[in-house]
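Peer 1: The structure that follows is given in the form of structure tokens.
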Amino acid sequence: MKTIRVFIFCCIFLILTHSSVNEKSKIIDKLNNIDNIQFEFTQTTNKNKEEGKCILVFPGKLKCNYKDKNKKELIVNKKMMAITQKRYGKTLFYPLSKSTFINILSKNELIKIINESSTIIDNYINIVFIDKNNIKTLIKFDKKKFLLAGWTSSDQYNNQIVFEIEITSVNQMINNNVFTLPSKS
């Protein structure tokens, strides 16, 4: 009887492990065929909810326009991030190395994380990534289309940021000028 239980447990473990590996390979296959995505997002930080639209071009280029009264715009161009509040004409610059989502902007780094990290499957395929500073990021992928669906991480002030996305297009022609950082005053 004990042998049967051990056998059943091993079978279930192998099936779940194989399923996780299979899910990861489908995500990686999908990522390998993507150069850019456009998406709508909802970002929640400390119960503060923001929405907008983004363009992500691999590797390392991102532009987001927020739907808010300040007309916030975020531009990432490989190593630098600029956040502009157009209403006030104010721009803040940050080195991208201080951002927890730097790994999501590099397809190669994202694939490496997928291969090396553990997986939790619920409503999404969740990749659990813990960086060198012991900061945990949960990267979510859609279970049917195997596309990026968002991430949950913490900022430099330990605020939890939940970023949910809905991809609206893949591999469209993108003008590289949209990723030009504003000039520093």
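The values are calculated or read from the model by the stated rules, or taken from the named source; none is laboratory data. These numbers were taken from a predicted model, which means no experiment stands behind them. Quick reminder, even Gly has a Cβ in these numbers, built from the backbone with ideal geometry, and neighbours come from all protein chains shown.
Peer 1: Can you find a residue that is modelled with pLDDT under 95, surrounded by fewer than 15 Cβ atoms within 10 Å (Cβ to Cβ) and of a type in the set (S, T, N, Q) anywhere in region 91-111?
Peer 2: The answer is yes, given that some residue of region 91-111 is modelled with pLDDT under 95, surrounded by fewer than 15 Cβ atoms within 10 Å (Cβ to Cβ) and of a type in the set (S, T, N, Q).
Peer 1: Same structure, new question: Is it true that some residue in region 175-184 is under 22 Å from K49 (Cα atoms) and either surrounded by 13 or more Cβ atoms within 10 Å (Cβ to Cβ) or in contact with a strand residue (DSSP E or B) (Cβ under 8 Å, 6 or more places away or on another chain) (or both)?
Peer 2: Checking region 175-184: not a single residue is under 22 Å from K49 (Cα atoms) and either surrounded by 13 or more Cβ atoms within 10 Å (Cβ to Cβ) or in contact with a strand residue (DSSP E or B) (Cβ under 8 Å, 6 or more places away or on another chain) (or both).
Peer 1: List, please: which pairs have Cβ atoms under 7 Å, are six or more places apart or on different chains, and start with a residue in region 32-44 that is exposed (fewer than 14 other Cβ atoms within 10 Å of the Cβ) and in a strand (DSSP E or B) and end with one that is modelled with pLDDT of 95 or more and among the small types (G, A, S)?
Peer 2: If the second residue must be modelled with pLDDT of 95 or more and among the small types (G, A, S), no pairs are left.
Peer 1: Here is a further query. Of the residues that make up region 135-158, is at least one part of a helix (DSSP H, G or I), crowded, with 17+ Cβ neighbours inside 10 Å and in contact (Cβ under 8 Å) with a residue 40 or more places away in the chain?
Peer 2: Among the residues of region 135-158, not one is part of a helix (DSSP H, G or I), crowded, with 17+ Cβ neighbours inside 10 Å and in contact (Cβ under 8 Å) with a residue 40 or more places away in the chain, which makes the answer no.
Peer 1: Pairs please, first residue from region 168-185 and on the phi < 0 side of the Ramachandran plot, second anywhere and part of a loop (DSSP other than H, G, I, E, B) and modelled with pLDDT of 90 or more, Cβ atoms under 7 Å, 6+ apart in sequence or on different chains.
Peer 2: What qualifies is V170/I34.
Peer 1: Does F163 fit the bill of being among the aromatic types (F, W, Y) and in a strand (DSSP E or B)?
Peer 2: yes
Peer 1: With the structure loaded, tell me whether I120 is assigned to a strand (DSSP E or B) and of a type in the set (A, V, I, L, M) or whether it fails that test. Spell out the reasoning first.
Peer 2: On the way: assigned to a strand (DSSP E or B): yes; of a type in the set (A, V, I, L, M): yes.
Yes.
Peer 1: Return a yes/no flag: does region 21-32 have any residue that is more than 15 Å from the chain's Cα centre (by Cα) and at pLDDT below 85.
Peer 2: yes
Peer 1: Quickly run through region 48-83 and pick out the residues that are within 14 Å of the chain's Cα centre (by Cα) and closer than 16 Å to E109 by Cβ.
Peer 2: Matches in region 48-83: L56, V57, F58, P59, G60, K61, L62, V76.
Peer 1: Does I75 qualify as being surrounded by 17 or more Cβ atoms within 10 Å (Cβ to Cβ), part of a strand (DSSP E or B), of a type in the set (A, V, I, L, M) and touching a residue at least 60 places away in the same chain (Cβ under 8 Å)? Walk me through how you get there before you give the answer.
Peer 2: On the way: surrounded by 17 or more Cβ atoms within 10 Å (Cβ to Cβ): yes; part of a strand (DSSP E or B): yes; of a type in the set (A, V, I, L, M): yes; touching a residue at least 60 places away in the same chain (Cβ under 8 Å): yes.
The answer is yes for I75.
Peer 1: Give me a count of the residues in region 112-134 that are free of Cβ contacts under 8 Å to residues at least 24 places away in the same chain, over 13 Å from the mean Cα position of the chain (by Cα) and surrounded by fewer than 16 Cβ atoms within 10 Å (Cβ to Cβ).
Peer 2: Final tally of qualifying residues: 10.
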